[in-house]
Amino acid sequence: MTERPVILLVAEAHRDVIEAEFRARYDRDYAIEVASSGREALERAADLCTVSSRLAMVAAEYQLPDATAIDLLREIQAVSPPSRRVALVDFDDYAEHLEELKRAALERDMDTFVGIPRGPRDEEFHTALIELLSEWGWSVAHPVVTAVDVVSDGPTPTTAAIRDVLDRMGVPNRLLALDDEDAQAIVEEVGPDARLPLVRPIRGEVIQDATPQSVTERLYGSYDAIPEGTIADVAVIGAGPAGLAAAVYAASEGLSTIVLESDAIGGQAGSSSMIRNYLGFPRGISGMRLAQRSRIQAGRFGATFYTGRPVVQVEPGPADEPEHHHVLVEGTHLCARTVVVATGVAYRRLGVASVDERIGMGVHYGAATSMAREMQDKEVYVVGGGNSAGQAAVHMAKFARNVTIVVRRDSLTATMSDYLIREVEATPNIAVRTHSRVVDAGGSGRLEWIGLADSRSATASASAQSETRAPSSSDPEPEVASDSVERLPADGLFCLLGAQPACHWLPESLALDDHGFILTGRDVPQETWTDGVPPASLETTIPGVFAVGDVRAGSMKRVASAAGEGASVLPLVHAHLEKLRQSGV
């Protein structure tokens, strides 16, 4: 039987009440242990971290004989970084300590604080605990029950990409080596000529020579299943926060809604380990969980998802069929009366050949939450100064020996939210290396080291380039003298820098800005206005085609604003559909 994770309770004055409450709800799945003081708790936590037991949570009442819960939980972070930390506050003391507790939560001395239950069925208390345990189980623990098995003959970029996309969608999975008994059963099922990697979903046939695209298509709907002649009211292209919000509101209002996504449902937001400033989630929510809930919500309203292949073209309706647009995907196409483009942005490549040669073998573009567990006690570098980079660094620090954030600027203040900067500063094994850039990497197959150079040495080159044209993601890094490059040991490099839209597949009549983002509303060129009137606020130069979220020029590039735009586009969609009805087409 698998050893149960541990919930460590630290209490004296309210020990009986706290222990009884935890045992009544969690004793089956977790081993409940109790300590009476901060010192005893620290010693027990250290012991648990040296054996196979996993310390899922430490919950301490506020006033202990030798410390406060804040003091203890701050020290627990160094002993067991992945553990969730909760302060338990007596109702009579709540008001007195509230400001101190709020400050401690903001500074990441603990994950949250809750009142000690005063009676039965305190569901608010247990909701807080279950949310934390759920996120711990997803991000730290290996799944006990899996929905997908991946069989490979060793770590490869493809298997890493498959597991990353599964984790971003919240699909529990495990990687099986060829000599594993369960793997042998899957290989025998396929036959002697099985082509690795093999992926077996909980339902359906084994996928041979699997790719992330073939796996997502099998899980969430193949484009080949789209009925011929389908004309949707709304086709949403992209299933990040903006696209998911558009799908929820469109489907909930009775519009036939189809969502097309080439990658993981959830987009880049799905890789965010914890979003703490999203409205309505005071304890934060992971990007995966937010995307998972949004997908389920849209599906329950009737939206249909198709994944695994990119949209390659949108063709405005011809003169004889002006009532709908054609959306082309590899191998098929569908028609829609309105189109919402919500494809977001992609992380910019470093443009360093020795780095990109090791993608999936220590180098990752994006947070790659599935790889965090593999970084246990290793040296990790995160490139980028935005919120995604900060979230990735804080998450990786729960596993890695050291995490270094590499930024070209002189600080994080211009690009990262204040709450995340505080988290970074409060995490002892995160360092920030300013005025730096990655210019080289190496290792025997896998990443073993990176080369850092002073970013200020490239300022003149970058300035000269920007005078002639906007920088491109394909631009190579300026050359650096080898004697000015510092070589550092590195086991993981996670690149989350820059944002570039992928709009090359859109028709030429759809206007973009100088950086390739979609122009909407009054920002589109005036010569494209109709009778001197600009398009609606989120409408493009093509009537009935809208753009929302990060792909739109002038957007805030935040999860909440993207979701807001996805919701805000619905009145404009309704107005266009009404115009079509009134014109009799």
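Before moving on, here are some points about what is shown:
- Centre separation in Å (Cα based) which lies between region 29-47 and region 197-270: 45 Å
- Computed about the Cα centre, the dipole magnitude for region 6-139 is approximately 480 debye when only Lys and Arg (+1) and Asp and Glu (-1) carry charge, each at its Cβ.
- Packing-based exposure ordering (other Cβ within 10 Å, fewest first) of 546, 281, 125: 281, 125, 546
- Put a dot 7 Å past the Cα of residue 103, heading toward its Cβ, do the same for residue 279, and the two dots end up 3.0 nm apart.
- Rounded, prolate or oblate (a/c below 1.5 giving rounded, otherwise prolate when a/b exceeds b/c) for region 391-453 by Cα gyration tensor: oblate
- Between 0 and 90°, nearest 10: helix 94-106 axis offset from the chain longest Cα axis: 60 degrees
- Between region 53-90 and region 500-554, the alpha-carbon center distance in angstrom: 51 Å
- Centre separation in Å (Cα based) which lies between region 326-344 and region 350-416: 34 Å
- Highest mean packing first, where packing is the average number of other Cβ atoms within 10 Å per residue, the peptides 331-344, 94-107 line up as 331-344, 94-107.
- Which label in (1) 0.99; (2) 1.13; (3) 1.41 gives the computed Rg/Rh (Cα atoms, Kirkwood Rh): (1)
- When each of 285, 518 is scored by the number of other beta-carbon atoms lying within 10 Å, the sequence from fewest to most is 285, 518.
- Rounded, prolate or oblate (a/c below 1.5 giving rounded, otherwise prolate when a/b exceeds b/c) for region 525-575 by Cα gyration tensor: oblate
- Taking the number of Cβ atoms within 10 Å of each Cβ as an exposure proxy, the fewest-first ranking of 568, 455, 583, 83 is 583, 568, 455, 83.
- Rounded if a/c under 1.5, otherwise prolate or oblate - region 6-139, Cα gyration tensor axes: rounded
- Approximate spin-label separation residue 567-residue 95, in nm, with each point projected 7 Å along Cα-to-Cβ: 3.4 nm
- Stretch gain in nm, segment residue 12-residue 156, where the contour uses 0.36 nm per residue and the Cα spacing is subtracted: 46.8 nm
- Computed from Cα positions, the angle between helix 157-168 and the longest principal axis of the chain comes to roughly 80 degrees.
- The H on the amide N of residue 274, modeled in the peptide plane, is under 5 Å from the matching H of 287, each at least 5 residues off or on a different chain.
- Between residue 530 and residue 508, the FRET efficiency from the beta-carbon distance, with R0 = 22 Å, is close to 0.75.
- Near residue 524, once Lys and Arg are set to +1 and Asp and Glu to -1 for all other residues with Cβ below 12 Å from its Cβ, the sum equals -2.
- Cβ-based charge dipole, the chain, positive-most Cα from 38, 63, 484: 63
- Region 498-573: GluC sites (Glu not before Pro) in DSSP loop, at most 15 other beta carbons within 10 Å: 508
- Placing R0 at 41 angstrom, the Cβ-Cβ distance between residue 3 and residue 315 gives a FRET efficiency of 0.10 after rounding to 0.05.
- Here residue 102 is the anchor, and the lysines within straight C-alpha reach of less than 28 Å, apart from those fewer than 8 places off in the same chain, are 398, 557.
- Farthest positive-ward along the chain dipole, Cα basis, beta-carbon charges - from 404, 159, 562: 562
- Qualifying trypsin sites (Lys or Arg not before Pro) in region 165-251, where qualification requires a DSSP coil assignment and no more than 16 other C-beta atoms within 10 Å, comprise 195, 203.
Each value in this text was obtained by applying a stated rule to the coordinates, not by laboratory testing. The structure presented is a predicted model; accordingly, all values stated were derived computationally and were not measured. Don't worry about glycine lacking a Cβ; one is built from the backbone with ideal geometry, like all the others, and counts go over all protein chains shown.
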